[in-house]
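See below for the structure under consideration.
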Amino acid sequence: MRLPGIDPSKPPPGPFREGFWRSPLRGPRLTALLGLVLLIGLPIVIVTGLLSNDAYQPGLSSANGLGRDLGGPLDVYLFGWPTGWPWLYAVTQGLHVTVGLALFPVVLAKLWSVIPRLFEWPPVRSPAHALERLSLALLVGGALFEFVTGILNIQYWYAFPFFFTQAHYYGAWVFTGAFVAHVILKFGTMRGSLSTRREVMDAASHGGSPSLIASSPAPASMSRRALLGTVAAGSALLGLQGAAQSIGGPLRVFAFLLPRGRVRPGPLGFPVNKTAVAAGVSAPDVGRAWRVVLVGSRSVSLSREQLLALPQHTYDLPIACVEGWSTTQRWSGVRLRDLAELAGVHGQATVTTHSLDTGTFGQASLGHEQVAADESLLALHVNGFDLPLDHGFPARVISPAVPGVHCTKWVTNMKFTEVRD
Ligand SMILES: Nc1nc2c(c(=O)[nH]1)N[C@H]1C(S)=C(S)[C@@H](COP(=O)(O)O)O[C@H]1N2
Ligand SMILES: [Mo]
């Protein structure tokens, strides 16, 4: 296939010319080694990402318009998110963020190792070659998009004009499709390159693609071992950040590069997602006049004293944020299902909570599995103390295994909706 105006024997100057890429470190074995690490690690990130979407309960959106709805047929809801293992989301999302952070240096090194291939000349040789190049564009673009948006999100730096969740989720489908195609196409090459001790000219170089081995190598400025060591050290540092904020406790100090690394000492010093000041919640709002309104087949309004007079239950439960940090504390309060009963809802029910905080996270929904769980509470105490204002005083939701965003603070209203099946 000849493209008009393109002479295959005359690449434009610069990166398209043989001899432009001169690092002696590049070669198919290096690329294959980095590829193997990604082949093992990326499926963990992909699967835990899909599970995170499930935990957000997209299925609830049709019930009350408040569950998450990213739109489109790929917003899949696989199964009702279980409540039996309270640590479940802390583990799946901790893995998503920790493994993702640790793989970022490997992704960058892998892209560096194959960069001569991105500058093929002629850019397109045949329809099959065009398809292959398109899949590579989706792979590289998808990977960079996913890693960069994910990392900006955990740094609370919304430097982009689109809605993070939707873009990161649909970007993941694009990336995953391209990743699967790439693994199918390149698995044999990777195995072949790893099975020899020495770099050999890659087969593809005969097919017209530029070789990864420089034709006129420059003197090495570092050894290949030093390159791999640098990548591994970068991965270890970032992986430590993720693990430290997700495992928490005394390890949290090692998350010094992340926003949730700094906490105050003492039993109430655990991380705060959004402070009362940031949410616009002030002392008068939560004074003696505060009431929570329970809505079901009837409406009941309760003061904090009245809530405290109801049966209290205590559980150790994590708050596990989508950003990968979690913290387990001892919460006490009234069971959500007891509140549903008070509102006259006796069967299976979902709940939608509203808060004094009028921001995006000031409302959330829980499925009927969550409402029915023993450990799901409207918490009034944490670690034996009144809830601090930053953690949702006078009352907040806490529920096993759900993403932290469902644990609404400064609750003012709870609407229970009976589910009929
Ligand atoms: N009203 C209200 N509730 C909220 C939030 C919020 O911004 N406003 N943030 C949610 C998120 S995203 C998380 S991870 C948890 C964090 O709880 P914490 O701030 O007590 O650690 O609270 C959730 N509840
Ligand atoms: Mo969160």
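Where a number appears in this text, it was derived from the coordinates with a stated rule and is not lab data. Just so we're clear, the structure is a prediction, and the values are computed from it rather than from any experiment. No Cβ is skipped: glycine too gets one built from the backbone with ideal geometry, and neighbour counts run over all protein chains shown.
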- Query: Once you list every other residue whose beta carbon is under 11 Å from the beta carbon of L258, what net charge do they have if Lys and Arg are +1 and Asp and Glu are -1?
  - Reply: +2
- Message: Around T275, under 11 Å between beta carbons, what's the net of Lys plus Arg minus Asp minus Glu among the other residues?
- Response: 0
- Message: Looking at the chain as a GNM with Cα springs under 10 Å, which of P318, P86, P123 has the largest mean-square fluctuation?
- Response: P123
- If one puts a single equal scatterer on every Cα of segment 276-418 and applies the Debye formula without solvent, what log₁₀ I(q)/I(0) results at q = 0.09, 0.15, 0.16, 0.20 Å⁻¹? -0.23, -0.66, -0.76, -1.26
- Query: Where the centre of each part is set by its Cα atoms, how far does segment 205-249 sit from segment 395-421, in angstrom?
  - Reply: 44 Å
- Item | Exposed-site-free run, longest, the chain (rule: chymotrypsin sites (Phe, Trp or Tyr not before Pro); DSSP loop; at most 13 other C-beta within 10 Å) | 257-421
- Relative contact order, percent, segment 28-254 [alpha-carbon distance under 8 Å, six or more residues apart]: 31 percent
- Environment charge of S303, counting only residues whose C-beta is closer than 12 Å and scoring Lys/Arg +1, Asp/Glu -1: +2
- Rounded to the nearest Å, what's the spacing between the alpha carbon centres of segment 294-365 and segment 103-123? Just the number, please. 50 Å
- Under unit Cβ charges (Lys, Arg +1; Asp, Glu -1), what dipole magnitude, rounded to 20 debye, does segment 28-254 have relative to its Cα centre? 760 debye
- Note on the structure: Among trypsin sites (Lys or Arg not before Pro) in segment 17-50, those in a DSSP loop whose Cβ has at most 15 other Cβ atoms within 10 Å are R17, R22
- Determine the calculated [θ] at 222 nm for the chain from helices alone, applying -39500 (n - 2.57) to every DSSP H run no shorter than 4 residues and normalising by the residue count; nearest 500 deg cm²/dmol. -13000 deg cm²/dmol
- Volume per residue (Å³) of the convex hull spanned by the alpha carbons of segment 28-254 is 174 Å³
- With a 10 Å radius around each residue's Cβ, average the other Cβ atoms per peptide and rank 244-251, 292-299, highest first. 244-251, 292-299
- Task: Using the Kyte-Doolittle scale, find the helices of the chain whose mean hydropathy is at least 1.6 and whose Cα atoms extend 30 Å or more along the helix's long axis, counting only whole DSSP H runs.
- Result: 28-55
- Message: Viscosity 1.002 mPa s, temperature 20 °C: give me the Stokes-Einstein translational D for the chain in µm²/s, with Rh taken as the Kirkwood radius over C-alpha pairs.
- Response: 88 µm²/s
- Note on the structure: Checked against the positive end of the charge dipole of the chain (+1 on Cβ of Lys and Arg, -1 on Cβ of Asp and Glu, about the Cα centre), the farthest of S355, G392, A167 is A167
